[in-house]
1. Packing-wise, with mean Cβ within 10 Å as the measure, how do 147-155, 207-215, 119-127 rank, highest first?
2. So how much slack lies between Ile76 and Leu46, counting 0.36 nm per residue of separation and subtracting their Cα-Cα distance, in nm?
3. Would you tell me the accessible area of Lys195, worked out with a 1.4 angstrom probe on the heavy atoms of the protein chains, in Å² to the nearest 10?
4. Multiply the residue gap between Lys211 and Met99 by 0.36 nm, knock off their C-alpha separation, and tell me the result in nm, one decimal place.
5. State the Cα centre-to-centre distance between the stretch 1-30 and the stretch 145-217 in whole Å.
6. Say R0 is 35 Å: what FRET efficiency, to the nearest 0.05, do Thr106 and Val185 get from their beta-carbon distance?
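The values are calculated or read from the model by the stated rules, or taken from the named source; none is laboratory data. Treat the numbers as computed from the prediction; the structure is a model and nothing was measured. Note that each Cβ is placed from the backbone with ideal geometry, even for glycine, and that neighbours are counted across all protein chains shown. To get the accessible areas, we keep the full protein, side chains included, count just its heavy atoms, and leave off ligands, DNA and RNA. Shrake-Rupley method; radii C 1.70, N 1.55, O 1.52, S 1.80 Å.
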Amino acid sequence: MRNIIFIAPPAAGKGTVSDYLVKNFNYEHISTGEILREEIKSGSLLGKELDSIISQGKLVSDQYMIKLISDKLKSIKDKAFILDGFPRTLNQAESLDKMLVSNNITNTIVIYLDVDFDTLLKRVLGRIICPKCKRSYNKFNEELKPLKNNICDDCGVELETRSDDTEETFKVRFDSFLESTEPIVEYYQNKGILKRIDAMVALEEIFDKIKNEAKND
Ligand code: AMP
């Protein structure tokens with residue numbers, strides 16, 4: 001399978017699609033949001049700083065994020081990986097290119113998940129996550145509801161909401177997406193490696209399209 005870089009607005013479904021790819025094709029899932037939330041949970045001083053940035057919907061500095069991903073990529077061996085949440089700025093995208101070259105990583109595609117504003121907002125407000133396995137559910141979507149109300153199907157623990165999944169913070173995150181992340185779309189489009197996927201259709205259809213894009217020829 002090819003390595004995948006996801007570019008998508010907040011709550012477009014990167015997490016859900018990544019879960020599918022990990023379960024079915026043994027991908028290594030690198031979610032920058034998850035890594036940052038783990039640091040926050042640890043209660044460290046750095047975690048407290050990150051928390052104040054993330055809960056306002058702002059972006060963490062490029063310098064910090066680039067170092068984090070650079071370390072991560074060095075530790076990846078032969079497994080195909082998903083980058084979920086990185087790059088989010090043009091600077092990060094350009095640094096990523098250099099990292100891929102220096103780590104001899106080829107066979108990478110960029111997938112853009114296309115979802116409109118109203119649908120995203122609804123997804124944000126319905127999102128609930130397992131604190132243990134990080135599986136993402138949605139209480140407003142029949143396909144993504146847990147079997148038992150607010151309980152993880154896999155772990156049996158109570159699901160949680162993210163502190164940045166409020167309407168107010170979502171709007172800041174969406175604006176930051178338009179401002180910082182949209183230029184990346186153009187960047188990858190010019191390189192000819194961007195695949196746009198309509199992510200407002202049924203999940204099975206989205207999974208199928210992504211599977212076909214991700215398969216080696
Ligand atoms: P996510 O789980 O991908 O929605 O990320 C949650 C939050 O973590 C974002 O709203 C940002 O505040 C921060 N974050 C995650 N990835 C990055 C990144 N590549 N650059 C800057 N901030 C990030």
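1. 119-127, 207-215, 147-155
2. Residue separation times 0.36 nm, minus the Cα-Cα distance, leaves 8.3 nm.
3. Using a 1.4 Å probe on the heavy atoms, I get roughly 70 Å².
4. 37.8 nm
5. 8 Å
6. My answer for the efficiency is 0.95.
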